[in-house]
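Here, each number is a calculation from the coordinates, and none is a lab measurement. Just so we're clear, the structure is a prediction, and the values are computed from it rather than from any experiment. Methodologically, a virtual Cβ is constructed for each residue, glycine included, from the backbone with ideal geometry; neighbour enumeration extends over all protein chains shown.
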Amino acid sequence: MSLRVLIAGGGTGGHIFPALAIAGALKKMDASMDILFVGAKGKMEMEKVPQAGYSICGLDIVGFDRSSLIKNMALPWKLLKSFWQVRKIIRAFRPDAVLGVGGYSSFPVLRVAQARSIPTFLHESNAYAGKTNQLLARRATCIFTGAGGLEKFFPAHKIFFTGNPVRESICATRPDRQQAANFFSLSSDRTTLLVMGGSLGARSINRAIDQGLDRLLEAGIQVIWQTGKSYAPLAAARVADRPGCYTADFIREMEYAYAAADVVISRSGAMTVAELAVVGKPVLFVPYPLAAEDHQRVNAEQLVRKQAAWLVPDEEAETSLVSRALALCLDRSAQRSLSEAIGSFAVRDAAQKLATELVKQVSQ
């Protein structure tokens, strides 16, 4: 009889896309496996998961808002309501295993499953473990990790290193440079800078590119600029009538964006780091300073110490990001060195490793 697996979490592409990669690996093992996602209403998983062909249930839950204590007044009520919703979901779906991929929506799902003695699994993508996973770790069956050295956060005997699952389209698909350039209506023989602030965008990166766009174009550099929804109208107006620019709020076909790019500017969420390692792209990280436990800075600094990436602090982005990007775009030797170094961190079979071990432990 096929397993029934509940996958909980989301909020950003860094949680959603690896969850979808894991679901795909589980389905490859057994096409009849029943998989259900649980996320937070109003978040991007409610759109992205159905687009990938999976069912999802939404919880009325919000995370802690670090910017305003007043906004957290409804948090206890919404958390209690989400527990009630989770009990109904688990009672109806009857999962054999529950996997938490991060994000606050995973907490009530895993807690209820643990209370009912359902095998629970965690995936921790970052080099600094999130609070939710730390709270859930003691009663978890197994903790899959994307980075080493997490024994200080989790029981060592429960840790199973898999690496971070990368979307199959990025692992398996390698468009050539000409194809990729054509996709964005760009030239294949000009240096191309890919700018992305994560699935939700990044204000500091967007403002820096906006201010420095003319400098980049005057240097002969093309730009692929993923802005996030809030900055998209401003960016579209900024690049109007400027050849050598492509802008969009979200790029679904990231395999083409990576193939077209010579240099990347990016936040340093764990999944983006994993993708950049797989495609071996020279990158200038701008860690998000408000990420929980400052984990993006930790992720980036691990690579910087190995001379596998460059880093610009968020507070310096508007003054120095474009200058640093120009320097890297014009230095082929530095690009080759960074590409080789970051490529050594690539893990291409993380989703398969995780799926295999999860099924093995549940079936024992």
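Taking a sphere under 10 Å around the Cβ of Ile342 and counting the other residues whose Cβ falls inside, with K and R at +1 and D and E at -1, yields a net charge of +1. A simple spin-label model places the labels of Arg305 and Arg332 3.4 nm from each other, with each point 7 Å out along Cα-to-Cβ.
Summarising the amide proton neighbourhood of Trp225: residues at separation of 5 or more, or on other chains, whose placed amide H is nearer than 5 Å comprise Val195, Tyr246, Thr247, Ala248. Take each peptide in 235-242, 4-11, count the other Cβ atoms within 10 Å of every residue, and average; sorted highest first, the result is 4-11, 235-242. With Kirkwood radius over Cα pairs in Å defined as stated, name the option among [x] 21.1; [y] 22.6; [z] 23.2 computed from the structure displayed. After the calculation, the listed value that fits is [x].
Remark: for residue pairs Lys229/Lys353; Lys81/Lys152; Lys41/Lys281; Lys28/Lys306; Lys152/Lys353, the C-alpha separation exceeds 29 Å in Lys229/Lys353; Lys81/Lys152; Lys41/Lys281; Lys28/Lys306.
Pull out a ≥ b ≥ c, the square roots of the eigenvalues of the alpha-carbon gyration tensor of the range 175-343, then state rounded if a/c is under 1.5, prolate if not and a/b is larger than b/c, and oblate in the remaining case.
Values: a/c = 1.45, a/b = 1.17, b/c = 1.23.
Judged from the Cα gyration tensor, the range 175-343 comes out rounded (a/c under 1.5).
Between Phe161 and Gln211, full extension at 0.36 nm per residue minus the direct alpha carbon distance yields a gain of 13.8 nm.
Where only DSSP H runs of four or more residues are counted, the chain gives -13500 deg cm²/dmol as its mean residue ellipticity at 222 nm, each run worth -39500 (n - 2.57).
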